[in-house]
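The values are calculated or read from the model by the stated rules, or taken from the named source; none is laboratory data. This structure is a prediction, so every number in the text was calculated from the model and none was measured. Quick reminder, even Gly has a Cβ in these numbers, built from the backbone with ideal geometry, and neighbours come from all protein chains shown. Heads up: the accessible areas ignore ligands, DNA and RNA and are worked out on the full protein's heavy atoms, side chains in. Shrake-Rupley method; radii C 1.70, N 1.55, O 1.52, S 1.80 Å.
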Amino acid sequence: MYKIESKDIHLHYGDFHALKGININIEPNTVTALIGPSGCGKSTYLRLLNRMNDLIDDVKIKGEIIIDGENIYSKGVNVDSLRKKVGMVFQKPNPFPKTIFENVAYGLRVNGISDKNYIEERVETSIRQVVLWEEVKDKLKKSAFELSGGQQQRLCIARALAIQPSIILMDEPTSALDPISTAKIEELIYELKNQYTIVIVTHNMQQAGRVSDHTAFFYLGELIEYGATKDIFTNPKIEQTQNYITGRFG
Amino acid sequence: MSHLDTELQILKSETIEMWTLVNSQLAKGKQSLLTLDKDLAREVIMTEKRVNANELKLDRDCENIFALFTPVAIDLRFVLAVLKINSNLERTGDIAEGIAKFVLHVDDQFDRNLLQITRVIEMYEAANNMMKDVLQAFEHEDTALARKVFQMDELLDEINLKANTVIADYIRSNSENIEAALYVLSIIRKLERVGDQTKNMAEELIFYIEAKVLKHRTRKEKEKEA
């Protein structure tokens, strides 16, 4: 069974037809990379998966997105519950102006959890999962802004993990980071897929190659090609994909 | 261990597996030649398909690593080396098969004295030992051991050089055995190629570990580079 199924998704921003009949099925415990030039619709598609586009005025969505067998755009779907299941990490690290500990505990607290021991246990587990524990264990009460960019991004991933989602969406999670921090996040993505289903938007094609099992190439709102990353990067079936990944686009 | 390290480790294990298979093909080829065991020769010929399948798999894995991980520095040299070693191994596998085919076709009247006077078995043993040593050098990243084969190869060259005279003399006095004698000469030529392939693999190993290019150098130059 697929973790995420997208069936003939159309999305309009006003008159602009931003996604044109997207069909993608994503298996559990895999990493799927969405690639394509700016404005191709990849981030729009990503944001559909936890209904982030709901917040934008004049958006019309057609089609179905089914997560764990349920259409997340059906009436009566609780968006808060959905977002507990589908965590998100953004392009720029965006820690809250709080301590390191409270950043990770935040999601638990807003979900009504007050058991101190449980919160402490979840915070430590999540920070360990992102391989940040050794670096921050002695300064959990310090502001998250004291961390480096790479550490902040790992903290944001820990914050997403704390509420135990099963899907993590990442929108260019390393584009603001140096190569070493980027490598750490990529290794983390590789580790995390054992427990989570990950969908990542990236402008860095080598990153898609390194971290993902499947790659989807978007262009002008259409899904041009979707397949195993190995196949996309060694023998893409569509000429446009080949031109894009070899840098001969346009 | 990083994702790339894991992939490189898998590539190394697959290369060792391919290498071990080719060494076993050579060893069985030698045994079949020594005892003229046609069943064993058939086994070598059948197993050649596995060598070919392994070659394709390793090629594909190298291609995937280039495409997906864009390796650099020692990682890049490692994948490049494996790609070439793979090709050398496949050709060595072909040679083992070629020798097995000879054993299959030879008749019962074959003059075993030919094996003795040409030193072909001694040569075969030396070639197999070279292959084993370079495999061990590959497994343990031991370039000193890899360098030893440059000297070992001299024995193969010596036997190969003398083979023409030995075979010519033999033919002059055993004209009824010309065909068998020429076959043995062709085996000697093949074994000389095994020596060359093995040296190439040793050079690839040194290239990947030390970033030194030893191709087209004399043995003395190679030793100086150490």
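Relative to the isolated chain, which residues of region B:67-115 have their accessible area cut by 30 Å² or more in the presence of all protein chains (1.4 Å probe, heavy atoms, no ligands or nucleic acids)? Going by heavy-atom accessible area, the residues of region B:67-115 that drop by at least 30 Å² are B:A67, B:L68, B:F69, B:T70. Remark: region B:103-145 is approximated by an ellipsoid whose semi-axes, taken from the C-alpha gyration tensor as √(5λ), come to 33, 12, 4 Å, largest first.
Solvent exposure of region B:25-106 amounts to 42 Å² per residue of accessible area, where only protein heavy atoms count and the probe is 1.4 Å.
So, R0 is 60 Å and r is the distance between the beta-carbons of A:K20 and B:S24; what FRET efficiency does that work out to, to 0.05? Before the final figure, lay out each step's value.
Working: r = 57 Å, r/R0 = 0.94.
According to the calculation, E is roughly 0.60.
Solvent-accessible area per residue for chain A at a 1.4 Å probe radius, Å²? It would help to have the intermediate numbers written out before the result.
Values: 11510 Å² over 250 residues.
Per residue, chain A has an accessible area of 46 Å².
A Förster distance of 45 Å, applied to the separation of the beta-carbon atoms of B:D157 and A:D231, puts the FRET efficiency at 0.45.
How long are the semi-axes of the ellipsoid equivalent to region B:76-181, from square roots of 5 times the Cα gyration tensor eigenvalues, in whole Å, largest first?
Details: eigenvalues 224, 53, 22 Å².
Three semi-axes, in Å: 33, 16, 11.
Angle of helix A:149-162 to the longest C-alpha principal axis of chain A, folded into 0 to 90 degrees and rounded to 10: 90°. Principal-axis analysis of the Cα atoms of chain B puts helix B:178-210 at an angle of about 20° to the longest axis.
With the simple spin-label model, which puts each label point 7 Å out from Cα in the Cβ direction, the B:I10 to B:M46 separation comes to 3.0 nm. For region B:3-225, taking Cα atoms only, Rg and Dmax work out to 18.8, 65 Å respectively. Using Cα-Cα distances under 8 Å and only pairs 6 or more residues apart, what relative contact order does region B:3-225 have, in percent? Rounded, it is 25 percent for region B:3-225. Amide H to amide H distances under 5 Å link A:V131 with no residue, where only residues 5 or more positions off or on other chains count and H is placed in the peptide plane. When the solvent-accessible area of chain A is split by element, carbon and sulfur atoms take up 48 percent of it, the probe being 1.4 Å.
For the protein assembly as shown, just run the numbers: alpha carbon Rg, then divide by 2.2 N^0.38 Å, N being how many residues it has. Working shown, then result.
Numbers: Rg = 30.9 Å, N = 476, 2.2 N^0.38 = 22.9 Å.
Dividing the Cα radius of gyration by 2.2 N^0.38 Å gives 1.35.
Contact residues in region B:1-42 (at least 40 Å² less accessible area with all protein chains than alone, 1.4 Å probe): B:H3. When Rg and the Kirkwood Rh are both derived from Cα coordinates, the Rg/Rh ratio for region A:1-59 amounts to 0.97.
Of the Cα atoms belonging to region A:79-165, the radius of gyration and Dmax stand at 11.9, 36 Å.
Extension gain A:E64-A:N243, at 0.36 nm per residue separation less the Cα-Cα distance, in nm? If you can, show how the numbers build up before the last one.
Working: separation 179, 0.36 × 179 = 64.44 nm, distance 3.06 nm.
Extra length from A:E64 to A:N243 when fully extended: 61.4 nm.
Annotation: B:R112 carries an accessible surface of approximately 120 Å², with a 1.4 Å probe and no ligand, DNA or RNA atoms counted. Stretching the chain fully between A:Q164 and A:D138 yields a gain of 6.9 nm (0.36 nm per residue, less the alpha carbon separation). Between chain B and chain A, the total buried accessible area stands at approximately 900 Å², from heavy atoms with a 1.4 Å probe. With respect to chain A, whose longest principal axis is taken over its alpha-carbon atoms, helix A:116-129 is tilted by about 50°. Scan region B:79-143 for GluC sites (Glu not before Pro) in coil per DSSP, keeping those whose Cβ has at most 15 other Cβ atoms within 10 Å, and list them by number. The qualifying sites are B:E141. Dividing the Cα radius of gyration of chain A by its Kirkwood radius returns 0.97 for Rg/Rh.
Based on alpha-carbon atoms only, what is the radius of gyration of region B:1-113 relative to the globular estimate 2.2 N^0.38 Å?
On the way: Rg = 17.6 Å, N = 113, 2.2 N^0.38 = 13.3 Å.
Computed over Cα atoms of region B:1-113, the ratio equals 1.32.
How much of the accessible area of region B:3-225, probe 1.4 Å, is carbon plus sulfur, in whole percent?
Numbers: 5390 of 10400 Å².
Using a 1.4 Å probe with all protein chains present, region B:3-225 comes out at 52 percent carbon and sulfur.
Threshold 50 Å², probe 1.4 Å: give the residues of region A:178-226, in number order, that are less accessible with all protein chains present than with their chain alone. The answer is A:E187, A:Y190, A:R210 - residues whose exposure falls by at least 50 Å² when every protein chain is included.
How much length is gained if the chain between A:Q195 and A:S38 is pulled fully straight, taking 0.36 nm per residue apart and subtracting their Cα-Cα distance, in nm to one decimal? Intermediate results must be reported in sequence, preceding the final value.
Working: separation 157, 0.36 × 157 = 56.52 nm, distance 3.02 nm.
That works out to 53.5 nm of additional length.
With the simple model of a label 7 Å out from the Cα in the direction of the Cβ, B:D37 to A:K92 spans 7.3 nm.
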